[in-house]
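These notes concern the structure reproduced below.
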Amino acid sequence: MIRSKTIANGIVRAVFILAFTCLFFVFLYTIQSILIYILIAIIISLIGRPLVIFFRKYLKLNTGIAVIITLLLISAIFSGIFLLFIPILSEQGQLLSEVNLIDLNTNLNKLNSQISEYFHIEEVNLVDIIKESNISNFLNLKSLPTAVNSLFSGFGSLLIGLFSVLFIAFFLLKDSKLLEKSLLVFAKKKEHETKFRHALETIKELLSRYFLGLLLQVFILFILYTIVFSVFDVNNAIAVALIAAIFNLIPYVGPLMGCAFVLILTTTSHLGEDFSTVILPKLGYILLGYIIIQLIDNFINQPFIFGNSVKSHPLEIFLVILIFGASMGIGGLIIAVPAYTVIKVIAKEFLSKYKVVKQLTKEI
């Protein structure tokens, strides 16, 4: 009788835990946009943390003023990046407004014939491909009112998101212990709290260096791309260089996407010109410059910046990125290194008795 009652209680408890877990994940899914705001705010606070420390330690500023100046600087940087995109959008919009469909059809067919003749391959009907793709729907004027409404709706959501992120980031930077206090509720014992605090401090330090390293990587690539694209007269070289550099935030796949973007933009900017004497040489020089820059980034920038920032071997980082990418796609590629860094720090604090953990975390 007692055994039956124990089993029944165990089943009821298991059902309750399962139901609670399901409700918890449904709740997280419902507030996913808020979680994204919090995540972005945490990243901004990690990037701004060294600046706040600098302003407080060396300029003797009040914490609140130091945080405000830091957020203003970060906002100014991102606003400047956004403003660099305007020339490309403006130029492409002007080209769309002035496009002559007959001339466009002629130029595409001419380019298609020249490519096929040069490489001795069968012609592909580019016009039919465009018609069958979503590009034709995008250019459909009937969808313009819907697109305008979506644009205004998205702009409103963007403003709310920006305000939320800056508001959360302000308090995370102002009270550096706020995140720690929130997470300490999961620590059961006092000795666990000490380990938890140490782990959080280490995570904040490593991730701050990692995200600053990312900014440094993007800045170096931006400078190198700008030089190459300016030399070979790519339209809006500075803005295109910035976009190509930002693509590199996605490991391995990003540089390929950036390269494709630059080559396509260069090709469309010279429609109607001779393929073999104008377009192909320009694409070749740009591609060669792009490859040289990627080699510099892969063999000099990344090992130096990321090896020192997250204290991991380049081969270790490579395997982690592959695993996260294979299991979670592009999102996994982006979060691989910071997620792995968090896992390593927590493992060192709570699982240091295992030999494999000691070996992987000996540099931390």
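At-a-glance table
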{"item": "Quarter of Cα convex hull surface for the stretch 286-334, i.e. mean projection, nm²", "result": "4.0"}
{"item": "Evaluated over the stretch 20-65, the Cα radius of gyration and Dmax, each in Å", "result": "16.9, 50"}
{"item": "Out-of-range pairs (alpha-carbon distance over 24 Å; input LYS204/LYS348; LYS60/LYS174; LYS204/LYS358; LYS195/LYS362; LYS60/LYS311; LYS60/LYS348)", "result": "LYS60/LYS311; LYS60/LYS348"}
{"item": "Carbon plus sulfur fraction of accessible area for the stretch 232-364, probe 1.4 Å, in percent", "result": "74"}
{"item": "Charge dipole magnitude, Cβ of K and R +1, D and E -1 - the stretch 223-359, Cα centre, debye nearest 20", "result": "900"}
{"item": "Nitroxide proxy distance, nm - points 7 Å out along Cα→Cβ at ILE223 and LEU73", "result": "1.8"}
{"item": "Computed Kirkwood radius, in angstrom, where 1/r is averaged over Cα pairs of the stretch 187-278", "result": "16.1"}
{"item": "Under the Karplus curve 6.51 cos²θ - 1.76 cosθ + 1.60, θ = phi - 60°, whole-Hz ³J(HN,Hα) for the stretch 31-43, x wherever Gly or Pro sits", "result": "9, 4, 5, 5, 4, 5, 4, 5, 4, 5, 5, 5, 4"}
{"item": "Part-to-part distance (alpha-carbon centres) for the stretch 334-355 and the stretch 196-247, which is given in Å", "result": "25"}
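The values are calculated or read from the model by the stated rules, or taken from the named source; none is laboratory data. The structure presented is a predicted model; accordingly, all values stated were derived computationally and were not measured. So basically every Cβ, Gly included, is an ideal-geometry build from the backbone, and we count neighbours across all protein chains shown. Just so you know, the surface numbers come from the protein's heavy atoms only, side chains and all, with ligands and any DNA or RNA stripped out. Shrake-Rupley method; radii C 1.70, N 1.55, O 1.52, S 1.80 Å.
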